[in-house]
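Enquirer: Just passing along the structure, written as structure tokens.
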Amino acid sequence: MIRQRLSVDQIAKPLTDSDLAEAVRLVKLQIGSLSGLPEKWVQFGQEKVALAEESAEFMLRQCFRLHREGFPAFELDYLLLVERQLEGIFDALLALYRLHPGLLYQLGDSSPAVLVWALFNPKLQKEHPGHLLIAIDCLSKLPSEMAKMLVLHANSTELDSLFAKLIEGQASGSLDYFQYLVLRQTQSVALTKYWASSKKLDAKPLQVSLALANVDESIEWLEENEVGDASLFERLLLKEDRNTWFRQYFGTDLMTLPNGLVATYAKLLELHEFMAFDVGQKEAPIHLALVGDTSWVTTAVEHMQALDEDDGELWWSALYVVYGDLLPYRPSQLGVDVEWSDALVSLSLWTTETQVLRSQPIRLGRSLNFDNTLRALKSPEINSMLREWLWRQLCIRSRLYVPWDAMMPRIQQQLLIQQMANMPVATERFNLRNQYAAVGY
């Protein structure tokens, strides 16, 4: 999934909120024109749309859930089934659109996610040039993560150009549009610099993006303007002497760290003075997954005995990051193949019957190294929260930046992971991270 980077020349004709409003006006006209058609005909069409709407909404929620729960691998039969079902539903909606556009446009009020998903399809884009603007306007009606998934899965080169033109015209959703361009990997350094100099957007997202592209002025901007835990991922990534900087900035006492986020980064950096394990801390499962210290596991398993499934799922996922298929059950089997209470019994037995303790930190039951961390990033069993932290760990400890998000389509994720795998210097940095730490890296 290789998309073209946008240039400044491509935004010569900016778009504004007025252009979005005009697209919406045309939608309302089409919906209003339904009243002039025979009532039974309209009722028939609306019944068919309602059936397609219900099915599409369910399937989109399933697609979203599967991306949140783990890598959307080709091996996931259910995800492939969902994608095939969505193809059939789209064909039905396209046929109904051709009967009358208003039948489809009515979904903007009842199921905006379904309308956005349909209008992002290239087949509907060919039906009317304004469909992408209609879809963009509907994005504001959606939860941010669902909107992001639909945008990242949209197969349209024109979509990126429209986002850029709306940013140039300072449309109200410009900040979101810029983040979409970043994740779709279509904004260029030249265009981002242009927006920064012309003050078309708030400075922070632009400067962060440029800093990650190693623009010296933007790295300096982060250093001068971001304090506390603001942009801490980016600031750590850009520091050559990050361990020393962290100690100088936040101190060397675990109890004086400002919050759990900073404490988690301390664990990610494997700074020895911050490595005490507090099982009661909200971020403790993330700490276990990042560090892979098997001496913490007995404490974690004892803590899990008092948790219900909702509170214990993250812990089980963290254990999976450490042990992989050595665990008695995979995260996806909980509540399906085994009840939570029975799983806890099996887990307790497993800790007594299995060689749980290892001499070195482990990931997926093997050494905690670069390759096994990439394997974890591609696991359908590890949820998006933990995979995001694994991605941060890969970036910071390897001193590389590759944009990634759990909502990206599988092809884009695979390409990015392969891109990381093809960087031998990054592999060496990650695998020798503790040796590098001795000199501050």
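The values are calculated or read from the model by the stated rules, or taken from the named source; none is laboratory data. Every value quoted in this text rests on a predicted model; they were computed, and no experiment measured them. Using ideal geometry, Cβ is built from the backbone for each residue, glycine included, and neighbour counts are taken over all protein chains shown. All accessible areas refer to the heavy atoms of the entire protein, side chains included, with ligands and DNA or RNA removed. Shrake-Rupley method; radii C 1.70, N 1.55, O 1.52, S 1.80 Å.
Enquirer: FRET efficiency for residue 123 and residue 26, Cβ-Cβ distance as r, R0 = 22 Å, nearest 0.05? Don't skip to the end; give the middle numbers.
Expert: On the way: r = 19 Å, r/R0 = 0.87.
Result of the calculation: an efficiency of 0.70.
Enquirer: Please give the helix 203-212 orientation as an angle from the longest Cα principal axis of the chain, in degrees from 0 to 90, rounded to the nearest 10.
Expert: 60 degrees
Enquirer: What's the local net charge at residue 409, with K and R +1, D and E -1, over the other residues with C-beta under 11 Å away?
Expert: Numbers: positive: 184, 410; negative: 83, 405.
Value of the local net charge: 0.
Enquirer: Then there's this: Give me D for segment 1-87 in µm² s⁻¹, whole number, from Stokes-Einstein with Rh from the Kirkwood sum over alpha-carbon pairs, 10 °C and 1.306 mPa s.
Expert: Working: Rh = 17.4 Å.
The calculation lands on 91 µm²/s.
Enquirer: I would also like to ask the following. For segment 97-175, give the magnitude of the charge dipole about the Cα centre (Cβ charges: +1 Lys/Arg, -1 Asp/Glu; no others), in debye to the nearest 20.
Expert: Working: 6 positive and 7 negative charges, 39 e Å.
Approximately 180 debye in magnitude.
Enquirer: Moving on to the next point. Note the per residue figure in Å³ for the convex hull of the C-alpha positions in segment 69-136. Present the calculation step by step, with values, prior to reporting the outcome.
Expert: Working: hull volume 7.2 nm³, N = 68.
So the per-residue hull volume is 106 Å³.
Enquirer: Nearest 10 degrees is fine. How inclined is helix 340-353 to the longest principal axis of the chain, computing both from alpha carbons?
Expert: 30 degrees
Enquirer: Now for a separate question. Relative to the longest principal axis of the C-alpha atoms of the chain, give the angle of the C-alpha long axis of helix 17-32, reported between 0 and 90° and rounded to the nearest 10°.
Expert: 60 degrees
Enquirer: Hey, what did the chain get for relative contact order, percent, Cα under 8 Å, at least 6 apart? Can you show the working numbers first?
Expert: Details: 525 pairs, mean separation 80.3, N = 441.
Rounded, it is 18 percent for the chain.
Enquirer: If you average the sequence gap of Cα pairs under 8 Å that are 6 or more apart and divide by the length of segment 114-206, what percent do you get for the contact order? All intermediate terms of the calculation are to be shown ahead of the outcome.
Expert: Working: 73 pairs, mean separation 19.9, N = 93.
Over segment 114-206, the number comes to 21 percent.
Enquirer: A follow-up question, please. Taking a probe of 1.4 Å, how large is the accessible area per residue of the chain, in Å²?
Expert: On the way: 20310 Å² over 441 residues.
Result: 46 Å² of accessible area for each residue.
Enquirer: HN-Hα J couplings of segment 279-289 from phi, Karplus 6.51/-1.76/1.60, θ = phi - 60°, integer Hz, Gly and Pro as x?
Expert: The phi angles translate into 5, x, 6, 4, 8, 4, x, 5, 4, 4, 5 Hz.
Enquirer: So if the hydrodynamic radius of segment 326-441 is defined as the Kirkwood radius over C-alpha pairs, what does Stokes-Einstein give as its diffusion coefficient at 37 °C and 0.692 mPa s, in µm² per second? It would help to have the intermediate numbers written out before the result.
Expert: Working: Rh = 16.1 Å.
It diffuses with D of about 204 µm²/s by this estimate.
Enquirer: May I pose another question? Can you check how the C-alpha radius of gyration of segment 220-282 compares to 2.2 N^0.38 Å, as a plain ratio? Please report the intermediate quantities before stating the final value.
Expert: On the way: Rg = 11.7 Å, N = 63, 2.2 N^0.38 = 10.6 Å.
Expressed relative to 2.2 N^0.38 Å, the Cα Rg reads 1.10.
Enquirer: Could you order 210, 81, 254, 183 so the one with the most accessible surface comes first? Probe is 1.4 Å. Working shown, then result.
Expert: Numbers: 210 10, 81 70, 254 50, 183 30 Å².
The residues order as 81, 254, 183, 210, largest area first.
Enquirer: Something else now. Working from the pairwise distances between different alpha carbons, so that the mean of 1/r is found and then inverted, what is segment 391-435's Kirkwood radius in Å? Show your work: numbers first, answer last.
Expert: Working: mean 1/r = 0.0913 Å⁻¹.
Every distinct Cα pair counted, the radius reaches 10.9 Å.
Enquirer: Only loop residues by DSSP count here, and only those with at most 13 other Cβ atoms within 10 Å; note down the trypsin sites (Lys or Arg not before Pro) in segment 89-185 that meet that.
Expert: Values: sites: 98, 123, 126, 141, 148, 165, 184; in loops: 126, 141, 184.
The qualifying sites are 126.
Enquirer: By what distance, in whole Å, do the Cα atoms of segment 155-273 stretch along each of the three principal axes, largest value first?
Expert: Per principal axis, max minus min of the Cα coordinates gives 51, 29, 23 Å.
Enquirer: How many percent of the accessible area of segment 287-342 is carbon or sulfur, using a 1.4 Å probe? Kindly include the intermediate steps, with their values, before the conclusion.
Expert: Values: 930 of 2330 Å².
Here it works out to 40 percent.
Enquirer: Just 293, 308, 405 to compare: in a GNM of the chain, with alpha carbon springs under 10 Å, which one fluctuates most?
Expert: Highest fluctuation of the listed residues: 308.
Enquirer: How large are Rg and Dmax for segment 103-224 when calculated on the C-alpha trace, in angstrom?
Expert: Every Cα atom of segment 103-224 included, Rg and Dmax give 15.7, 53 Å.
Enquirer: Taking R0 as 60 Å, what's the FRET efficiency between residue 353 and residue 55 from their Cβ-Cβ distance, rounded to 0.05? Intermediate values should be presented prior to the final figure.
Expert: Numbers: r = 46 Å, r/R0 = 0.77.
Given R0 = 60 Å and the Cβ-Cβ separation, E is 0.85.
Enquirer: A further question on this structure: How high is the relative contact order of segment 1-151, in percent, counting Cα pairs under 8 Å that sit 6 or more residues apart? Spell out each step's value before the answer.
Expert: Numbers: 109 pairs, mean separation 42.3, N = 151.
Normalised by residue count, the contact order of segment 1-151 is 28 percent.
Enquirer: Loop-only trypsin sites (Lys or Arg not before Pro) in segment 281-375, please: DSSP not H, G, I, E or B, and at most 14 other Cβ atoms within 10 Å. Don't jump to the answer; show the numbers that get you there.
Expert: Values: sites: 282, 358, 363, 366, 375; in loops: 282, 358.
Passing both the DSSP loop test and the Cβ count: 282.
Enquirer: Got a sec to turn the phi values of segment 143-160 into Karplus ³J(HN,Hα) couplings, 6.51 cos²θ - 1.76 cosθ + 1.60 with θ = phi - 60°, whole Hz, x for Gly and Pro?
Expert: Once rounded to whole Hz, the list reads x, 4, 6, 5, 4, 4, 4, 5, 5, 5, 8, 5, 9, 8, 6, 5, 4, 4.
Enquirer: Something else: Would you mind checking 204/239; 126/193; 13/123; 123/378 for any pair whose Cα atoms are more than 27 angstrom apart?
Expert: Details: 204/239 18 Å; 126/193 33 Å; 13/123 25 Å; 123/378 31 Å.
Cα-Cα > 27 Å for 126/193; 123/378; rest within.
Enquirer: Using Cα-only point scatterers and the Debye equation, what is log10 of I(q)/I(0) for segment 331-371 at each q in 0.35 Å⁻¹, rounded to two decimals?
Expert: Ignoring solvent entirely, the Cα scatterers give -1.07.
Enquirer: Once the other residues with Cβ under 14 Å from the Cβ of residue 338 are scored (Lys, Arg +1; Asp, Glu -1), what is the net sum?
Expert: Numbers: positive: 330; negative: 309, 313, 337, 339, 342.
Spelling it out: positives minus negatives among the neighbours equals -4.
Enquirer: Given a 10 angstrom Cα cut-off, can you work out which residue in 299, 16, 256 is the most mobile in a GNM of the chain?
Expert: Highest fluctuation of the listed residues: 256.
Enquirer: Using alpha carbon coordinates only, what is the Rg to Rh ratio of segment 6-46, with Rh defined as the Kirkwood radius?
Expert: Values: Rg = 17.4 Å, Rh = 13.0 Å.
Reported Rg/Rh (Cα atoms, Kirkwood Rh): 1.33.
Enquirer: Tally up the carbon and sulfur contribution to the accessible surface of segment 1-152 as a whole percent, 1.4 Å probe, everything protein left in place. Spell out each step's value before the answer.
Expert: Values: 4470 of 7950 Å².
After summing per-atom areas, the C and S share lands at 56 percent.
Enquirer: Enumerate the calculated ³J(HN,Hα) couplings along segment 411-419 in order (Karplus 6.51 cos²θ - 1.76 cosθ + 1.60, θ = phi - 60°), each rounded to whole Hz, writing x wherever the residue is Gly or Pro.
Expert: 5, 5, 4, 4, 5, 5, 5, 5, 4
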